[in-house]
Amino acid sequence: FDDGPTPGVTEWILSILERYDAKATFLVLGKHAELYPDPYQKIIEAGHKIGNHTYSHQKGWVMSLERYLEDIDCADDIVRSDLFRPPYARVTPSQMRAVAKRFKIVMWSIVSRDYNRKLSPKKCLRGTIRGLKGGDIVSLHDSAKSFRNTSYVLPASLRYARENGLECKILEL
């Protein structure tokens, strides 16, 4: 889950994960972890993994290396994780090299596109579970913007996974 924690949304996600005995990795924004410490702490207490998704969700490819690393470091002061996912999955080659020296970079194999408000929840689900197999990393979002789709896709995807003998676990890299 990218972009959280988000009050209300995070707690809902955690309740659905618990219902399906599923674990997840939350790539959080440092500023959200700072603004919303209660849902952030609930993620950790529930046994999920945390990763760094920058402090303020910057578009790294339009920033200097120094500014980008400062934003990551601000998040690291709060998040303290060896995992990192760049916002928008876009960085410059020099940013990628610098970040890879300090973090395990996590991308995804399936992007749900739950953030796309033009995409119906059913279409979002079809794109998420089509070809889903063991070892896939599915990207969902912990945000108000994506909640309409996430609230449909998450429980349906977890049901699909269970019915097909798949488990949802934290990332272990």
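Per-structure values
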{"read-out": "Residue within the stretch 74-91 that is closer than 19 Å to G4 by Cα, assigned to a loop (DSSP other than H, G, I, E, B) and not charged (D, E, K, R) present", "value": "yes"}
{"read-out": "Condition broken by I78, with the remaining ones in (1) in contact (Cβ under 8 Å) with a residue 24 or more places away in the chain; (2) within 26 Å of D136 (Cβ to Cβ); (3) β-branched (V, I, T) satisfied", "value": "(2)"}
{"read-out": "Residues satisfying the stated conditions in the stretch 104-126, i.e. in contact with a Phe, Trp or Tyr (Cβ under 6 Å, 6 or more places away or on another chain) and either free of Cβ contacts under 8 Å to residues at least 12 places away in the same chain or assigned to a strand (DSSP E or B) (or both)", "value": "I105"}
{"read-out": "Hey, L140 in contact (Cβ under 8 Å) with a residue 60 or more places away in the chain and touching a strand residue (DSSP E or B) at 6+ places or on another chain (Cβ under 7 Å) or not", "value": "no"}
{"read-out": "Test: residue in the stretch 36-44 that is open to solvent by less than 20 Å² (accessible area, probe 1.4 Å), closer than 21 Å to W108 by Cα and without any contact (Cβ under 8 Å) to a residue 60 or more places away in the chain", "value": "yes"}
{"read-out": "The stretch 25-35, residues that are in a loop (DSSP other than H, G, I, E, B) and surrounded by fewer than 24 Cβ atoms within 10 Å (Cβ to Cβ)", "value": "none"}
{"read-out": "In the stretch 78-103, residue farthest from V28 (Cα to Cα) [restricted to those that are touching a Phe, Trp or Tyr at 6+ places or on another chain (Cβ under 7 Å) and open to solvent by less than 90 Å² (accessible area, probe 1.4 Å)]", "value": "T92"}
{"read-out": "Residues of the stretch 36-62 satisfying the condition of being at pLDDT 95 or above and in a helix (DSSP H, G or I)", "value": "P37, D38, P39, Y40, Q41, K42, I43, I44, E45"}
{"read-out": "Residue among L173, L158 that is under 12 Å from I13 (Cβ atoms) and either in contact (Cβ under 8 Å) with a residue 60 or more places away in the chain or under 17 Å from the mean Cα position of the chain (by Cα) (or both)", "value": "L158"}
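The values are calculated or read from the model by the stated rules, or taken from the named source; none is laboratory data. As the structure is a prediction and not an experimental result, all values here were calculated from the model. Virtual Cβ from ideal backbone geometry, glycine too; neighbours counted across all protein chains shown. Ligands, DNA and RNA are stripped out before the accessible areas are found, and what is left, the full protein with its side chains, is counted by its heavy atoms. Shrake-Rupley method; radii C 1.70, N 1.55, O 1.52, S 1.80 Å.
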